[in-house]
Every structure is written in structure tokens, then in C-alpha cells.
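Following: one structure in C-alpha cells, then a few remarks.
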There are 2 protein chains.
Amino acid sequence: MKLREFAQQLGLSPTTVSRALSGYPEVSEKTRKRVAEEATRLGYRPNINAVRLATGRAGAIGVVMGRSGEFHFSEFMGGLAERLGTEDIDILVSPMDDKNPTGEIQLYSRLAVSGRVDAVIVHSPEPNDERIALLHKLGMPFLVHGRSDIDVPHAWLDIDNEGAIRRATSHLIDLGHRRIAMINGRQGRTFSLHRDKGYRDALQARGLPFDPRLVAHGNFTDELGFRFARSFLEQTPRPTAFVAGSMMTALGIYRAARSIGLEIGREVSVIAHDDVFPYLTAENMVPSLSATRSSMRAAGARSADLVLQLLSGRPTEEVHELWPVELILRESTAPPPESA
Amino acid sequence: MKLREFAQQLGLSPTTVSRALSGYPEVSEKTRKRVAEEATRLGYRPNINAVRLATGRAGAIGVVMGRSGEFHFSEFMGGLAERLGTEDIDILVSPMDDKNPTGEIQLYSRLAVSGRVDAVIVHSPEPNDERIALLHKLGMPFLVHGRSDIDVPHAWLDIDNEGAIRRATSHLIDLGHRRIAMINGRQGRTFSLHRDKGYRDALQARGLPFDPRLVAHGNFTDELGFRFARSFLEQTPRPTAFVAGSMMTALGIYRAARSIGLEIGREVSVIAHDDVFPYLTAENMVPSLSATRSSMRAAGARSADLVLQLLSGRPTEEVHELWPVELILRESTAPPPESA
DNA sequence: GAATTTTACCAAACCGTTTTAAATTAATGC
DNA sequence: GCATTAATTTAAAACGGTTTGGTAAAATTC
């Protein structure tokens with residue numbers, strides 16, 4: 001059913017009906033109510049593409065999906081979708097070819113000029129992120145999931161990576177650990193830098209030396225967790241504790257420790273960052289995994305909110321949100337064997 | 001830049017330009033080439049919403065995303081997005097509230113009538129799936145990822161779950177195992193039924209009894225893998241081998257076996273189904289995990305293809321694709337200890 | 001070389017809304 | 001009760017393309 005027919009049935013003009021449904025003030029309460037009722041009764045719904053053409057709004061927000069190590073992506077998306085489900089706003093997923101980094105900026109470019117999205121969410125930014133500069137230049141509203149040091153105003157939602165890792169590391173130091181290894185995320189991402197900083201600051205606060213041979217960077221995969229942990233554990237003296245960037249990394253570390261006969265929670269301590277997954281929980285690992293925790297799904301849902309706020313005119317400078325991170329201690333952390 | 005301006009610059013009518021760009025035959029090769037070149041040079045791109053309004057096509061395909069245990073979802077999506085990235089077709093993600101099963105059918109209903117998608121992908125169907133009946137009734141094109149027994153024609157792409165599990169189980173029997181446990185997917189899903197069948201058929205072919213106490217169903221989570229494996233291993237005599245529905249389940253089984261001091265690959269054998277993830281690989285587990293393998297990402301990419309074919313008129317009855325599944329033997333399978 | 005077909009292009013109608021600008025009706029002031 | 005103002009409603013013009021139904025020019029046929 002089209003607007004015209006529907007309006008005719010009501011004995012009103014299309015204009016009035018349109019305004020009634022979109023909540024404009026210049027229509028009497030009585031008519032508005034009648035229109036709303038009849039709309040649900042007769043099942044009239046405006047054609048979404050006509051609306052989009054007429055309003056110039058795309059009715060969608062864009063998310064770029066990388067190829068590798070993105071197991072947390074679906075949680076974020078889930079949160080996003082959950083919140084956006086009630087609005088008339090779609091989520092548009094674009095794939096990104098990680099192998100071709102110059103392609104990324106083109107991709108964002110295309111996304112922005114294509115007019116298919118009203119806003120974009122940028123993930124895992126870098127301190128000086130080209131994408132942010134580009135989107136700002138193009139005037140496309142966007143929210144950064146994470147942060148950037150770039151001197152371009154940008155709305156962001158981030159978790160306190162630095163604080164989380166500082167606390168995690170401090171806790172390990174408190175337990176008596178002196179050689180603490182860190183398996184961080186990809187080199188160059190802001191969140192990795194923040195975590196690095198949290199780690200170094202914690203060491204420095206206690207006067208412990210920073211040893212670059214105990215720090216590694218890479219994708220959040222079980223495999224890298226294993227490889228890095230393995231090579232760290234081959235050093236002498238070997239580290240007695242690990243700070244890990246993700247659950248998958250932690251799996252790799254557990255595996256590496258076992259492979260050389262070390263018992264986690266006794267000979268080696270581990271704290272990892274947990275994005276909270278329904279299918280793999282820190283609580284259930286053996287031994288249960290101490291973790292810094294922050295729900296990726298919640299971040300997705302909140303990101304949706306913030307994007308909606310941006311779109312309804314809230315100034316970019318106001319939209320900054322830094323989430324605290326819980327530190328949950330479980331069995332994988334204990335004093336080092338020497339001090340036992 | 002609008003079509004009108006662009007056409008004017010070329011000294012052509014909007015009609016001709018439109019046809020040239022959409023590849024209609026009634027335009028000379030020479031003009032078509034010129035139009036194409038100028039379009040890229042001047043950066044003209046048709047307004048997507050205008051196109052959608054005029055053509056009546058939504059330019060998007062819908063995917064419904066459940067909440068729980070969907071770690072393979074992002075791989076599927078990745079494949080989908082990869083393939084669709086070159087087309088002018090978006091992916092629309094709708095969230096589903098798993099807790100409210102009646103909501104699901106409403107969701108599909110809304111999705112179909114909203115006119116926001118040209119086609120829908122249905123995941124994890126049941127033998128008599130309401131969603132399939134609904135979409136058929138509504139005349140919305142759709143592809144089922146999996147299969148259904150429902151007597152409604154539907155296009156599908158599925159992997160040979162039955163054959164895969166039959167082979168896996170047979171292999172375990174060949175090795176000498178007699179008590180083989182099976183931790184399957186959610187009760188009622190077609191793929192779970194197929195796997196059940198493969199399992200039972202393999203047993204039957206060798207004259208082994210089917211013991212319902214060795215079969216469990218549930219979401220693909222590490223936790224359920226652990227819990228089920230644990231309870232199976234407490235039986236006497238205990239199973240000497242496991243067939244598992246997912247990598248996460250396998251993680252749980254490994255954990256359970258370890259927790260009671262059993263060595264996998266010697267005292268307990270495990271074969272799991274591997275959807276191929278970049279962040280967690282069967283090869284790298286310790287011991288490396290024997291697996292039935294089929295790439296979820298490839299399935300996503302192919303699904304995109306098939307949906308496009310459906311949309312361009314290929315008849316539903318022709319679109320059926322059953323993928324064979326590899327069985328890859330690694331260290332987690334060995335003869336049972338008794339026969340060693 | 002006239003009649004016919006084919007090729008290449010175009011003007012105008014249409015897709016289904018929103019929104020601007022104007023017209024009607026109701027309410028208020030005096 | 002008339003002029004003025006405010007509250008509703010509406011006709012018509014966007015929004016930016018595609019597609020229908022032609023027409024003029026070029027190629028073919030006889």
C-alpha cells in the first residue's frame with residue numbers, strides 16, 4: 001500500500017499523513033492518533049527507499065570488517081544490532097582486505113561517498129589514523145571504537161586499556177613476580193600502545209626494569225599466543241607471569257606452558273583481557289583465568305547509542321566515553337614459585 | 001554530481017547515460033566506453049537510494065544473527081561480505097532474541113515485508129522450519145545455509161554432515177574404539193540430526209550398539225563441551241573416544257580429559273568438526289586435533305554467489321549444493337588403550 | 001534510390017516518499 | 001460580528017535515478 005492510497009482511505013492528503021507519522025507538530029492530536037491507528041490496522045509502512053531518497057538519509061551505519069583474528073567482531077556487531085534493531089537503521093558490513101593496506105583508505109572513501117551510510121564506526125584505530133582524518137575531511141559522521149591521538153576531533157568509545165593493564169601488571173608485581181611477559185595486540189594500534197604504557201608504568205612504579213625481550217605484538221590468535229609464550233619460556237631466567245591481550249592468546253599461553261610441563265597458577269601466572277564471549281569463558285578455563293574484563297557486546301550496544309546521538313546533532317566533542325575495566329582474579333594467578 | 005549534470009557534460013541524455021552504465025544493449029560501444037571513462041574521471045556514481053526506489057530493488061540481503069554461540073557467524077559473514085563487496089549489494093544484519101522464539105518468525109516477517117532486503121539467508125534450519133514456510137509464502141527469495149525436510153521448495157547450501165560424522169565415527173571404530181561419545185549441536189537442528197544419523201549409521205554398520213547415554217546436544221561452547229565430556233568420562237566403562245561438533249566443544253573436551261588426568265591421543269581420542277578459524281586452528285592444538293573440516297568462510301562466499309543467482313532468476317529447485325567434508329587425521333586420534 | 005529494418009539516442013512518465021509554500025479553517029481580540 | 005492571528009491541511013515541487021514509448025539517422029533490402 002502506498003501513501004497516496006492510504007491517505008485517500010483516511011480522507012486526508014499525503015502530506016498530512018506523512019507529517020502525522022513522522023511526528024511533526026503541525027498536525028492535530030486527533031488526526032495523528034487516527035492516522036497511527038489506521039496505519040497499524042491497514043498495515044501501511046512507508047517505502048523505505050522512497051524515504052531514504054526524499055530525506056537524503058541512508059538509514060544505515062557502516063562497519064568495516066577485517067579478515068583476521070576478528071572473533072570479537074561478532075560480539076560487537078551483536079550489541080550494535082541489538083540496539084539498532086528497534087530503530088529503522090541498518091548495519092552495513094563492508095569487508096576489508098587486510099593484505100592490502102592502501103585499499104583500506106579507499107574502502108572508507110568509497111563507503112563515505114557512496115551515500116549508503118549515514119555514519120561509520122572505525123575500529124582499532126592507530127595514534128595517527130588516516131581513516132579518521134579522511135572521514136573528518138569528508139564530513140562523514142563517525143565513531144571511533146578506541147581512540148586516536150590525531151588532532152582531528154572525533155567521537156569515541158574506548159575502554160581503559162592502560163589502567164586495566166597497569167592494574168593487572170601491578171597485581172602480578174604485588175604477588176612477587178619480577179619477570180612479567182606481555183603478549184599484546186597488533187603493533188601500532190592505539191589500544192596496544194595504551195596497554196604497553198600501562199605495563200611499563202606499572203613496572204616503573206615499582207622500579208622494575210623494562211625488558212623488551214619480554215614483550216611481543218601480534219594478532220589475537222591462539223597460535224601467536226603459543227609461539228610467543230613458548231619463546232619467552234625458553235629464556236633464562238624465564239618469565240613467571242604473562243599479561244595477555246585476548247582469550248585466544250591465553251589459550252595459546254596455557255598450551256605453551258603445558259607443552260613444557262609448567263603448571264599455570266603455580267609455576268606460571270596468567271592474566272588476559274576478556275571481551276566476554278558466550279562460547280569461551282575465563283571462569284571455565286582450567287585453571288580458571290584471571291582477567292581484565294569488559295563486554296564487547298555492551299560496547300557494541302553503546303556504540304549504536306552514541307552514533308545515534310551524533311546523527312541527531314550532538315556535537316562530536318561531547319561524545320567521548322572511557323569505560324573502566326574490571327580485574328577479576330581467579331586461579332591462574334599466584335605468587336611465583338621462588339617466593340612460595 | 002547528479003545524472004542530469006553528468007549527462008549534460010557528456011552531451012548525452014540521462015537515458016543514454018543510465019543505459020550505458022547499466023550495460024543495456026541499445027547503446028553503441030563507443031559511447032558506452034566514453035561514458036564509463038568519464039564517469040570514473042568525473043567521479044559520477046548513481047545515487048544508490050534513487051536506484052533502489054526506481055528499480056524497486058532493495059540492494060541488500062538479510063542475515064539474522066542469533067545471540068548465542070555464534071563464533072562461526074563472523075566467518076560466514078566475512079565470506080559473504082568478501083563476495084558481495086564487488087557487487088552493489090549490502091548485507092543487512094538483524095539481531096535475534098534467542099530467548100523469545102516466537103519473536104523469530106515475526107522478525108523474518110518484518111524483514112520480508114519491510115522491503116529492505118531482496119533475499120534472506122536462513123541459518124541452522126530445522127527439519128520442519130517455520131521460517132522457510134513463511135518466506136516461501138511471502139514470496140521472498142531465500143537461501144538456506146543447511147537443509148530442511150520441509151515440503152516447501154528451498155535453495156540450500158549445506159555440508160555433508162552425515163557423511164563427515166559417519167567417516168569420523170567409522171575411523172574411530174577402525175582404530176578399535178567401541179565406546180564413542182558424541183557431543184552434538186543443538187537438539188532439533190537439521191545438521192545435528194544429520195550428524196546423529198552419521199554417527200548411528202557408522203555404529204550400526206559395524207554392529208555396535210547405540211547408547212543414548214553417550215550422546216549429548218547443546219550449543220557449541222567450551223563450557224558444554226567440558227560438562228558433557230566430564231559426565232561421560234565419569235561413566236564406567238568410560239568412552240575412549242569423542243566426536244565433537246565444534247572447535248569450542250573440543251576445547252572443553254580437552255579440558256575435561258586433562259582435569260581427570262587422561263591423555264588425549266592416547267587414553268582418549270577426539271575428532272571435532274572444524275569450521276576453519278583464523279584464530280584457533282586444529283593443527284595447533286596440543287595434541288593436534290583430528291577434524292572434519294569445511295571452511296565456513298568459503299560457505300559464506302558461495303552463499304553470496306547462490307543468492308545472486310537466485311536473484312537473477314535461477315530457479316530455486318536448481319540451487320542445491322552439498323559440500324563434501326575433509327577428514328584430517330592428527331594426533332588426537334589413536335587406538336584405544338585396551339588394544340594398545 | 002525508395003522502402004524497410006536496425007541502430008542509437010531521447011523526452012517524458014514514473015518510483016513513493018518528504019518538504020516548501022500556500023490555502024483553508026478555527027480561534028482570538030475587540 | 002469583523003479583522004487578525006494561529007492552527008490545520010493541502011497542492012505541487014523536489015529527491016535522483018530507471019524505463020516506456022518514441023523518433024531520427026544509419027544500414028540494409030530489393
Taking every other residue with Cβ under 15 Å from the Cβ of residue A:6 and scoring Lys and Arg +1, Asp and Glu -1, one gets +4
Rg/Rh of the range A:236-340 (Cα atoms, Kirkwood Rh), to two decimals, equals 1.16
Which of A:137/B:2; B:2/B:33; B:2/B:30; A:33/B:137; A:30/B:137; A:2/B:137 exceed 30 Å between C-alpha atoms? The answer is A:33/B:137; A:30/B:137
To the nearest 10 degrees, the tilt of helix B:101-113 (Cα long axis) against the first principal axis of the alpha carbons of chain B is 20 degrees
The alpha-carbon center of the range B:187-238 and that of the range A:281-331 are separated, in whole Å, by 37 Å
Magnitude of the Cβ-charge dipole (Lys and Arg +1, Asp and Glu -1) of chain A about the Cα centre, nearest 20 debye, reported as 500 debye
Counting only DSSP beta bridges with both partners in the protein assembly as shown, the antiparallel fraction in percent, to the nearest 5, comes to 10 percent
The size of the Cβ-based charge dipole (Lys, Arg +1; Asp, Glu -1) of the protein assembly as shown about the Cα centre, to the nearest 20 debye, is 720 debye
Only helices counted: for chain A, with every DSSP H run of 4 or more residues adding -39500 (n - 2.57) and the sum spread over all residues, [θ] at 222 nm is -13500 deg cm²/dmol
Given backbone amide H placed at 1.01 Å from N, residues whose amide H is under 5 Å from that of residue B:242, ignoring those fewer than 5 places away on the same chain, are B:181, B:269, B:270, B:271
Inter-copy distances for residue B:25, label 7 Å out on the Cα-Cβ vector, sorted ascending, nm, one decimal, are 5.9
Note to self: with every protein chain in place and a 1.4 Å probe, chain B gives an accessible area per residue in Å² of 43 Å²
Whole-Å distance linking the alpha carbon centroid of the range A:32-93 with that of the range B:247-272 is 43 Å
Bridge orientation stat for the range B:120-270 from DSSP, antiparallel percent rounded to 5, came to 0 percent
Amide H proximity to residue A:94 below 5 Å, modelled H, separation 5+ or other chain, gives A:63, A:64, A:65
One computes Rg over Rh for the range B:183-237 from alpha-carbon atoms, with the Kirkwood Rh, and obtains 0.99
Out of A:281, A:221, A:328 - ranked by how far each Cα lies towards the positive end of the dipole of the range A:207-340, with unit charges on the beta-carbon of charged residues - the top one is A:221
In square angstrom to the nearest 100, the accessible surface buried at the A/B interface, both sides summed with a 1.4 Å probe, amounts to 4000 Å²
Quotient of Cα radius of gyration and Kirkwood radius for the range A:3-46, i.e. Rg/Rh, equals 0.90
Sparse-neighbourhood loop hits (trypsin sites (Lys or Arg not before Pro), the range B:236-340; DSSP loop; Cβ within 10 Å at most 10 others) -> none
Per DSSP, the loop-located trypsin sites (Lys or Arg not before Pro) within the range A:20-120 having at most 12 other beta carbons within 10 Å are A:99
Once normalised by the length of chain A, the mean sequence separation of its alpha carbon contacts under 8 Å that are 6 or more apart gives a contact order in percent of 17 percent
Amide H proximity to residue A:220 below 5 Å, modelled H, separation 5+ or other chain, gives none
So, relative contact order of the range A:3-46 in percent, Cα under 8 Å, 6 or more apart, is 35 percent
Expected field for residue A:37, accessible surface area in Å² at 1.4 Å probe radius, rounded to 10, holds 100 Å²
Computed over chain A, the convex hull of the Cα set has an average projected area, in nm², of 20.3 nm²
Projecting the Cα atoms of A:315, B:21, A:108 onto the charge dipole of the protein assembly as shown, where Lys and Arg contribute +1 and Asp and Glu -1 at Cβ, the residue farthest towards the positive end is B:21
Magnitude of the Cβ-charge dipole (Lys and Arg +1, Asp and Glu -1) of the range A:3-46 about the Cα centre, nearest 20 debye, reported as 60 debye
HN-Hα couplings for the range A:238-247 via Karplus (6.51, -1.76, 1.60; θ = phi - 60°), in whole Hz with x for Gly/Pro, come out as 8, x, 9, 8, 10, 10, 10, x, 7, 4
Per the rotation taking chain B to chain A, min distance Cβ-to-axis on chain B (residue, whole Å) equals B:74, 2
Under the Karplus relation with 6.51, -1.76 and 1.60 and θ = phi - 60°, whole-Hz ³J(HN,Hα) for the range B:8-21, x at Gly and Pro, equal 4, 4, 8, x, 10, 8, x, 3, 4, 4, 4, 5, 4, 6
Computed over the Cα atoms of the protein assembly as shown, the Rg and Dmax in Å are 27.7, 87
Short to long, in 10 Å steps from zero, the percent of alpha-carbon pairs of the range B:212-263 per bin is 29, 61, 10
In degrees, nearest 10, the alpha-carbon axis of helix A:29-42 is tilted away from the dominant principal axis of the alpha carbons of chain A by 80 degrees
Tilt, helix A:161-175 to longest principal axis of chain A (alpha-carbon atoms), in degrees rounded to tens, equals 30 degrees
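The values are calculated or read from the model by the stated rules, or taken from the named source; none is laboratory data. What you see is a predicted model; the values in this text were computed from it and never measured. Glycine also receives a Cβ, built like all others from the backbone with ideal geometry; neighbour counts cover every protein chain displayed. Just the protein is used for accessible areas: all its heavy atoms, side chains included, with ligands, DNA and RNA removed. Shrake-Rupley method; radii C 1.70, N 1.55, O 1.52, S 1.80 Å.
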